[in-house]
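The values are calculated or read from the model by the stated rules, or taken from the named source; none is laboratory data. What you see is a predicted model; the values in this text were computed from it and never measured. Cβ: placed from backbone, ideal geometry, glycine included. Neighbour counts: every protein chain shown. These accessible areas exclude ligands, DNA and RNA; they are computed on the full protein's heavy atoms, side chains included. Shrake-Rupley method; radii C 1.70, N 1.55, O 1.52, S 1.80 Å.
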Amino acid sequence: MADQKLDTLVICGSLRKGSYNGALARHLPALAPPGMSMRAAPTFETIPIYNFDVQSAGFPPEVTAWADAVRSADAIVIVSPEYNWSIPGGMKNAIDWVSRMKDQPFKDKPVALQSCAGGILGGSRMQYHLRMTLTALDAHIFGRPEVIITFAPQKFDEKTHELKDPTSLDLVKQQLAGFETYARKLSGKA
């Protein structure tokens, strides 16, 4: 079974076009081990603010599409900035919506976290809060190595927005290699 590609969904927590997290998320396929295939998650930009009254009438199609993408993947990588020391509201809203589904998309799903930020903490507080949220949904969070890219403007090419810092590149590659092994054990594709 090790010859099967590990279908990995990449969720970006930022909607901004010039986002460092978005740039890293788009670059992950080039950094992933050969046994992983990476695909971008549908955007959560058009998912309405969670409202039980709306849910009672049925889950919106955007929510269902997002949940189906999570559910169909063997593994998930979330690359996200930190907003006000926590999870960006749009992504948290999408997670809140799918948390209400009977067939919980994140249940037993292996998840790796990555973040980039302009400051010294690199999104670490967001990762802490996201770990709590995903643990409540019974996801399996990959531990180490952690990818927390600090001082992001200095580590990405100003024009191409590609990650250029050798240490950060190596760290991302190490995490993805370790995550592949971890996710294969959990998904049964070992």
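Brief remarks on what is shown
- All positions within region 24-50 that are hydrophobic (A, V, I, L, M, F, W, C) and either touching a Cys at 6+ places or on another chain (Cβ under 8 Å) or under 14 Å from residue 183 (Cα atoms) (or both): 24, 25, 32, 36, 38, 40, 41
- Filter result (of a type in the set (A, V, I, L, M, F, W, C), part of a strand (DSSP E or B) and over 19 Å from residue 67 (Cβ atoms)) within region 106-123: 112, 113, 116
- Residues (in a strand (DSSP E or B), over 26 Å from residue 119 (Cα atoms) and open to solvent by less than 70 Å² (accessible area, probe 1.4 Å)) located in region 9-49: 9, 36, 37, 38
- Filtered by the rule that a residue be open to solvent by 20 Å² or more (accessible area, probe 1.4 Å), within 18 Å of residue 152 (Cβ to Cβ) and in a loop (DSSP other than H, G, I, E, B), region 50-86 gives 82, 84, 85.
- Residue tally, condition among the polar types (S, T, N, Q), in contact (Cβ under 8 Å) with a residue 60 or more places away in the chain and under 21 Å from residue 147 (Cα atoms), over region 61-91: 1
Yes/no matrix, rows are residues, columns are (1) surrounded by fewer than 14 Cβ atoms within 10 Å (Cβ to Cβ); (2) touching a Pro at 6+ places or on another chain (Cβ under 6 Å):
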{"residue": "98", "(1), (2)": "no, yes"}
{"residue": "101", "(1), (2)": "no, no"}
{"residue": "138", "(1), (2)": "yes, no"}
{"residue": "175", "(1), (2)": "no, yes"}
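- Checking each residue in region 156-173 for being over 16 Å from the mean Cα position of the chain (by Cα), touching a residue at least 60 places away in the same chain (Cβ under 8 Å) and open to solvent by 80 Å² or more (accessible area, probe 1.4 Å) picks out only 162.
- Every residue from region 135-174 that is over 13 Å from residue 115 (Cβ atoms) and touching an Asp or Glu at 6+ places or on another chain (Cβ under 7 Å): 138, 140, 156, 164
- The condition (being farther than 18 Å from residue 184 by Cα and without any contact (Cβ under 8 Å) to a residue 12 or more places away in the chain) is satisfied by just one residue among 58, 18, 13: 58.
- Per-region count, region 134-154, residues over 14 Å from the mean Cα position of the chain (by Cα) and touching a residue at least 40 places away in the same chain (Cβ under 8 Å): 4
- Residues in region 22-44 that are farther than 20 Å from residue 109 by Cβ and out of contact with any helix residue (DSSP H, G or I) (no Cβ under 7 Å at 6 or more places or on another chain): 22, 23, 24, 26, 27, 30, 34.
- Qualifying residue in region 106-118 (condition: aromatic (Phe, Trp, Tyr) and touching a residue at least 40 places away in the same chain (Cβ under 8 Å)): no
- Per-region count, region 103-120, residues surrounded by 24 or more Cβ atoms within 10 Å (Cβ to Cβ) and of a type in the set (Gly, Ala, Ser): 2
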